[in-house]
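Asks: Below: one structure in structure tokens.
Coordinate-derived values only; no laboratory data. All values derive from a computational prediction rather than experimental measurement. Cβ placement follows ideal geometry from the backbone for every residue including glycine, while neighbour counts extend to all protein chains displayed.
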Amino acid sequence: MYEINETHDPELKSWVESANDPNTDFPIQNLPFCVFAPQNEQHRAGVIIGDLVADLEFFAQEVLEGSAVPYFLFDAEKAVDLSDVRIDRLMALRYELYKIFKEDVDPKVQDFIALGMHKRDDVVFGSPYRIGDYTDFYCSIYHATNVGSMFRPDNPLMPNYKYIPIGYHGRASSIVVSGTDIKRPWGQNRSDAEKPPVYIPAKNLDYEMELGFFVGRGNELGQPIPISEAEVHIFGLCLVNDWSARDIQAWEYQPLGPFLSKSFATTISPYVVTMEALAPFRVPAFERDPDDPQPLEYLNDETNQKFGGLDIKLEVYIQTENMRQENIEAHMLSRSNPKDLYWTLGQMLTHHASNGCNLQTGDLMASGTVSGKEKDERGCLLELTWRGTEPLELPSGEQRRFLEDGDEIILKGYCEREGFRRIGFGECRGRIVPADS
């Protein structure tokens, strides 16, 4: 696990004034990475501080002098071989950036560095990696129990759930960056069991509040990753909205699980928060009930049990078309926290590679819907409205069972702990637009 060091000092200030705002997601203690493009220019790697984006290409050539890490950590255009993205090199780069953004940097250096800075609102963000593979897990026991209760009230959890991190292979090509509109998908619907299925636009469109993480360094085919080394292979985290068409899903999921109900779109936030930045917000792994089985040996590690969890406050908001027209602010639907996940990120990654599967740099993994014990901690509409039987009342007077055209879902995430600076993940937004006619 990462140690807390001088880069986490809560008293640390930056010469970038917006980074000193106590409400910013991006103080100098965070420094998440991204891929961005200024107007009419190519994408390049960047780092976020306050309301600015720093051009890592500029820094590598003019400031960092090739010191610790290549600037092309996330080169979305040049297909650079990233197989040598080691954690020690990433930490060295973060430390170099920390030094040049500190408030006591020479003013002449500040002026020069400012030449490689852009306003966040003036650039376009791209996917931080060229994502080759995407795996979605199902690691919230509260979510799994709620959903199971809807379909199997007497036996909501399958026998394997407490032994194995359940997951499925998602669709990498339909992953989009925050702000991209989501077109309502068509699919087979058999809501009337007495009639054959019909092919129509999805009626029960849903979001899923998830936490995602990117593989930084992969493993060779046939070589598992020990749980003690799992986090060495994780570059950083982002927010994930795994859009789901529940009516399509209900018809197609047996016997092999989700397919077209989820492959039409997945939205990710553009900023990758490093595991080092999250060091102050580590917590123990989920405390299992005394009657629950302990993880099998290959998933069990003392350090992972003590520090494998993450205390991240996740929030979901909705703003309908009517709310926008009436200038009504987005309405919070729920709060949740990945510290409530039954399996840790390290266990997810180790299990994924345990059969010798070769994970590759840029692979995205997601936690599955992050839900908590309480009703207002449910991470999707399927749970919040209990399969549409308990509609939500919105400030505009509207009701929602599932998403309607024009609805925008906004995911947010941030970390707070006494004695440390608040850091955040930014937003993950997507607006539903009508299906093609």
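Asks: May I ask for the Kirkwood hydrodynamic radius of region 238-298, worked out over all distinct Cα pairs and given in angstroms to one decimal?
Replies: 15.6 Å
Asks: Kindly provide the chymotrypsin sites (Phe, Trp or Tyr not before Pro) of region 359-437 that DSSP labels as loop, not H, G, I, E or B, and whose Cβ sees at most 13 other Cβ atoms within 10 Å.
Replies: Passing sites in region 359-437 do not exist.
Asks: Oh, and also: Rank-order 300-310, 363-373 by packing density, defined as the average count of other C-beta atoms within 10 Å over each peptide's residues, highest first.
Replies: So the order, starting with the most tightly packed, is 363-373, 300-310.
Asks: Express as a percent, rounded to the nearest 5, the fraction of DSSP beta bridges in the chain (both residues included) that run antiparallel.
Replies: If I count the DSSP bridges inside the chain, around 90 percent turn out antiparallel.
Asks: Just subtract the alpha-carbon distance of N40 and E416 from 0.36 nm times their residue separation and send over the number in nm, one decimal.
Replies: Going from the current span to full extension adds 131.6 nm.
Asks: Quote to one decimal, in nm, the extra length available between D154 and K13 on full extension: 0.36 nm per residue of separation minus the C-alpha distance between them.
Replies: Taking 0.36 nm per residue and subtracting the Cα distance, the gain is 45.2 nm.
Asks: Can you compute the charge dipole magnitude of the chain about its Cα centre, using +1 on each Lys and Arg Cβ and -1 on each Asp and Glu Cβ, nothing else charged? Give it in debye, rounded to the nearest 20.
Replies: 840 debye
Asks: Report the one residue of Y95, H169, I312 whose Cα lies farthest in the direction of the positive end of the charge dipole of the chain (charges on C-beta: Lys and Arg +1, Asp and Glu -1; origin at the Cα centre).
Replies: H169
Asks: A 24 angstrom limit on the alpha carbon distance is what I want to check against. Which of K99/K119; K183/K313; K262/K412; K162/K375 exceed it?
Replies: K183/K313
Asks: With each pseudo-label sitting 7 Å past Cα toward Cβ, what's the D292-D122 distance in nm, one decimal?
Replies: 5.0 nm
Asks: Let me ask something else about it. Just the Cα atoms of region 340-396, one point each, no solvent: what log10 I(q)/I(0) does Debye give at q = 0.16 Å⁻¹?
Replies: -0.67
Asks: What distance in nm separates the simple spin-label points at I4 and E374, each placed 7 Å from Cα in the Cβ direction?
Replies: If labels sit at I4 and E374, their model points lie 2.6 nm apart.
Asks: Report the FRET efficiency, 1/(1 + (r/R0)^6), for D104 and D51, where r is their Cβ-Cβ distance and R0 is 25 Å, rounded to 0.05.
Replies: 0.75
Asks: Over the chain, what is the mean sequence separation of C-alpha contacts under 8 Å (at least six apart), divided by residue count, expressed as relative contact order in percent?
Replies: In percent, rounded to a whole number, it is 21.
Asks: Name the residue from C415, S261, T135 whose Cα lies farthest towards the positive end of the charge dipole of the chain, charges +1 on Cβ of Lys and Arg and -1 on Cβ of Asp and Glu.
Replies: Positive-most Cα among the choices belongs to S261.
Asks: Against the longest alpha carbon principal axis of the chain, how many degrees, from 0 to 90 and to the nearest 10, is the axis of helix 87-101 turned?
Replies: 60 degrees
Asks: Let me ask something additional. I'd like to compare 102-114, 336-348: which one has the highest average count of other Cβ atoms within 10 Å, and what's the full order after that?
Replies: 336-348, 102-114
Asks: Follow-up question, since we're still on this one. Would you mind putting 240-246, 271-277, 392-398, 291-297 in packing order, based on average other-beta-carbon counts within 10 Å, highest first?
Replies: 240-246, 271-277, 392-398, 291-297
Asks: If one takes the longest principal axis of the Cα atoms in the chain, at what angle in degrees, from 0 to 90 and to the nearest 10, does the Cα axis of helix 141-151 lie?
Replies: Around 20 degrees separate the two axes.
Asks: From the C-alpha coordinates alone, can you work out the Kirkwood hydrodynamic radius of the chain, in Å?
Replies: Here the Kirkwood hydrodynamic radius works out to 22.5 Å.
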